[in-house]
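Single-structure report; data block below.
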């Protein structure tokens, strides 16, 4: 195991559509990073690189071939998914599929396409400026409706409860950790039990989180539906309690800017 360049952290960037962040080399997935997201190299070990993700400070091991030299992103993907094409033509060969929130460096425009640093082309309609912020976290969560549940997932290929909330929060410019245990303490501010819930509020159980789409309905990535699904709040509260996972432990509201 080697320290990063004489203990000086080195910036790196994800060069694969999705990169698993593992608890140890060849270990279990604990989170994911998306194409273009950056992190600081802390050390290298057995074909893996231990990195600290820029977006949330999460630390874990990523396969070395999933990471490359970092460069500033100019745009991010705003559709649920998009494709990298070899030519500025939707009939041309696709090279990769990118998920919402992936980051790219646009060099120039070619008709309806944007040419990125790798030489590939992305439909410009699927991009937003890198610093763009959305105003409705629930709308971002709703983009992922039907996405398969995946423990530790952060992409349209698979996502878990805390990954869904984090994705929605970060898209709206709200700092958000990657795990429910941290989210319950750090995300936004507490909503008193006597106060009405509103769209975008988040509801926590021990080890689970959901988001309100209105005062009576939630959206969450969950292992009951094995997907991102809508569910009446009262039914979810009853079901989760009956399966032995306890009652709601916190209600929080994001501080939208």
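Please go through region 94-130 and give me each residue that is more than 22 Å from the chain's Cα centre (by Cα), surrounded by fewer than 20 Cβ atoms within 10 Å (Cβ to Cβ) and outside any strand (DSSP E or B), ordered by number.
111, 112, 117, 118, 119
Got at least one residue in region 230-242 being within 22 Å of residue 182 (Cβ to Cβ), in the same structural domain as residue 163 (by TED's automatic domain parsing) and in contact (Cβ under 8 Å) with a residue 40 or more places away in the chain?
Looking for residues that are within 22 Å of residue 182 (Cβ to Cβ), in the same structural domain as residue 163 (by TED's automatic domain parsing) and in contact (Cβ under 8 Å) with a residue 40 or more places away in the chain, one finds none in region 230-242, hence no.
Which numbered condition trips up residue 194, out of (1) in a loop (DSSP other than H, G, I, E, B); (2) at pLDDT 95 or above?
Checking residue 194 against (1) in a loop (DSSP other than H, G, I, E, B); (2) at pLDDT 95 or above, the one that fails is (2).
How many of the residues making up region 215-235 are part of a helix (DSSP H, G or I) and over 20 Å from residue 169 (Cβ atoms)?
2
Condition check: over 16 Å from residue 80 (Cβ atoms) and in contact with a strand residue (DSSP E or B) (Cβ under 9 Å, 6 or more places away or on another chain). Does residue 169 satisfy that?
For residue 169, the condition - over 16 Å from residue 80 (Cβ atoms) and in contact with a strand residue (DSSP E or B) (Cβ under 9 Å, 6 or more places away or on another chain) - is met.
Based on what the data block shows, is residue 248 surrounded by 14 or more Cβ atoms within 10 Å (Cβ to Cβ), outside any loop (DSSP other than H, G, I, E, B) and touching a residue at least 24 places away in the same chain (Cβ under 8 Å)?
no
Could you pull out the residue among 19, 64, 73, 28 that is at pLDDT 95 or above, surrounded by 18 or more Cβ atoms within 10 Å (Cβ to Cβ) and over 24 Å from residue 134 (Cα atoms)?
Checking each option against the conditions leaves just 19.
Being surrounded by 15 or more Cβ atoms within 10 Å (Cβ to Cβ) and part of a loop (DSSP other than H, G, I, E, B) is the filter here, so list the residues in region 137-150 that pass it.
Answer for region 137-150, where residues must be surrounded by 15 or more Cβ atoms within 10 Å (Cβ to Cβ) and part of a loop (DSSP other than H, G, I, E, B): 144, 147, 150.
Scan region 12-32 and report the pairs whose first residue is assigned by TED's automatic domain parsing to the domain that holds residue 159 and whose second residue is crowded, with 22+ Cβ neighbours inside 10 Å and modelled with pLDDT under 95, with Cβ atoms within less than 7 Å and a gap of 6+ or a chain change.
none
With 35, 48 as the choices, which residue is within 20 Å of residue 157 (Cβ to Cβ), surrounded by 20 or more Cβ atoms within 10 Å (Cβ to Cβ) and outside the structural domain of residue 160 (by TED's automatic domain parsing)?
Among 35, 48, only 35 is within 20 Å of residue 157 (Cβ to Cβ), surrounded by 20 or more Cβ atoms within 10 Å (Cβ to Cβ) and outside the structural domain of residue 160 (by TED's automatic domain parsing).
The values are calculated or read from the model by the stated rules, or taken from the named source; none is laboratory data. None of the values given here were measured: they were computed from a predicted structure. Ideal geometry is used to build each Cβ from the backbone, glycine not excepted, and the neighbour counts take in all protein chains shown.
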